[in-house]
1. Filtering segment 271-315 down to residues that are among the acidic types (Asp, Glu) and within 16 Å of the ligand (Cβ to nearest atom), which residue is farthest from the chain's Cα centre (by Cα)?
2. Checking the structure you have, find out if any residue of segment 330-341 is among the acidic types (Asp, Glu), under 25 Å from the mean Cα position of the chain (by Cα), within 28 Å of GLY54 (Cα to Cα) and more than 16 Å from the ligand (Cβ to nearest atom).
3. Looking at segment 286-370, what helices (runs of 4 or more DSSP H) fall wholly within it and have at least 3 residues that are in the same structural domain as LYS396 (by TED's automatic domain parsing) and in contact with a His (Cβ under 8 Å, 6 or more places away or on another chain)?
4. Listed residues VAL320, VAL310, VAL266; which is surrounded by fewer than 16 Cβ atoms within 10 Å (Cβ to Cβ) and touching a residue at least 24 places away in the same chain (Cβ under 8 Å)?
5. Which one of GLU46, GLU85 is in contact (Cβ under 8 Å) with a residue 60 or more places away in the chain, buried (at least 19 other Cβ atoms within 10 Å of the Cβ) and over 21 Å from THR134 (Cβ atoms)?
6. Among the residues of segment 160-189, what is the count of those that are in contact with a strand residue (DSSP E or B) (Cβ under 9 Å, 6 or more places away or on another chain), away from the ligand (no atom under 11 Å from the Cβ) and among the hydrophobic types (A, V, I, L, M, F, W, C)?
7. Do the conditions hold for LEU32, that is, is it within 13 Å of the ligand (Cβ to nearest atom) and among the hydrophobic types (A, V, I, L, M, F, W, C)?
8. Identify all residues within segment 49-68 that are more than 13 Å from the ligand (Cβ to nearest atom) and under 18 Å from PHE187 (Cβ atoms); write none if there are none.
Amino acid sequence: MAEEMRIVLRNVGKISPLKIDEYIKAGGYKSLAKARSMSQIDLIEEVKKSGLRGRGGAGFNCGMKWSFSYKIDTDQKYVVCNADEGEPGTYKDRIIMENDPQSLLEGMAICGYAIGSNKGYIYCRGEYPYVVETLNKAIAQAKDKGVLGDFDIEVRMGAGAYVCGEESALIESIEGHRGEPRFKPPFPPVEGLWGKPTIVNNVETFANIPAILEKGADWYKGIGASSYPGTKVLTLTGDVVNRTYFEVPTNVTIREVIYGLGGGMVNGKNFKAVQIGGTSGGFIPEEFLDTPIDFDSMTTIGAVLGSGAVFVMDETRDIVDIVDRISKFFEHESCGKCTPCREGTKRMHEMMHRINKGSGTVGVMDLLQNLGNVMSVACLCGLGQAAPAPVLSTLKHFKLEFNAKLN
Ligand SMILES: Cc1cc2nc3c(=O)[nH]c(=O)nc-3n(C[C@H](O)[C@H](O)[C@H](O)COP(=O)(O)O)c2cc1C
């Protein structure tokens, strides 16, 4: 069965988050010094070689992203940490920031040196005011110690919109505008905050960086799945015994997560489905439980690793009712900028609700399928593109439950 492997959470429970000296004693800020002794190109190559891919959902190669901003010659560049963590069932970034904020600051400062930026922002969700306090204290300590050099970091708070986790909407929000996604390209590494090259990375992505520099790209590349190396912090919720967080190598299977570290199903009930990656993740039936959790393996079964939320459902759960509620969430969170999402999430919820309440027909199910297919390609950003995933995956794997509710 799977065992935990702590890279990102290496200091959790071992040091005090508000005592920078304890972080330094544990080896902290050595990696930043090492990074600064390297050329920017060598540093970016090392991160690229490690194979580290974004932990916020899209799974883009981190070093490659940094290289895009590095190449641009301009007066100002930015490093932004995405700590919006609006995905229901996800709280991994909170665990990192609450317990080991300096590792995030160190990772951001390394990125700043790599791309040639002296300014960083942490965009933290508004529902985490105490985390913001911890971050501000940690930043003040790092400045006092002088460990960040000329790299400055400020915290910005979100106001509760799910879409503000999408990197371009997040940038709009930091700029003081309404949180709506931008048309891409240009992508943020080329044209981001105030039109300047901007690296947006997730908290967990940045927290991996000091360990990679300390132990080397080859060490990191050898851990977990070869196409998505390293570990992933997962947060377990639902009908599983251990509703907590774990950090595991990326080649563990979903079954190992649920029945190993997760301790199995509550009250010995039978498993029905698991949704991984948050609300926009597909529903996975029992037949796929032996799939590794890494990004690419999940894609092959029509699911996503996403933020690493693992929501387990037992045999008593009503799948159609759950998807009805999820579609309501997307209707509520759609920012309304593009028509396929603004109208699509509303109609999708209407149809799901009709089916759930017993007044749906086969025709409604066909329409729902069609709408989902269109939205996944026509919506402007990942919110609308991924919103149909729970509907489409349950129509595929749990159609009998839909049929049972038809009029
Ligand atoms: C609707 C929506 C919400 C998102 N929420 C988050 C979030 O809360 N945290 C996050 O890191 N990325 C989130 N993302 C992904 C970001 O757009 C972006 O890919 C990520 O911050 C890049 O960092 P990474 O490469 O380190 O993963 C979201 C994307 C979408 C479409």
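1. Among those that are among the acidic types (Asp, Glu) and within 16 Å of the ligand (Cβ to nearest atom), it is ASP296.
2. no
3. By residue number, 319-333.
4. Numbers: VAL320 fails: surrounded by fewer than 16 Cβ atoms within 10 Å (Cβ to Cβ); VAL310 fails: surrounded by fewer than 16 Cβ atoms within 10 Å (Cβ to Cβ).
Criteria check complete, one pass: VAL266.
5. Checking each option against the conditions leaves just GLU46.
6. 1
7. no
8. Passing the criteria: only SER67.
The values are calculated or read from the model by the stated rules, or taken from the named source; none is laboratory data. Keep in mind it's a predicted model, so treat the numbers as computed, not measured. Positions of Cβ are backbone-derived with ideal geometry, glycine not excepted, and every protein chain shown enters the neighbour counts.
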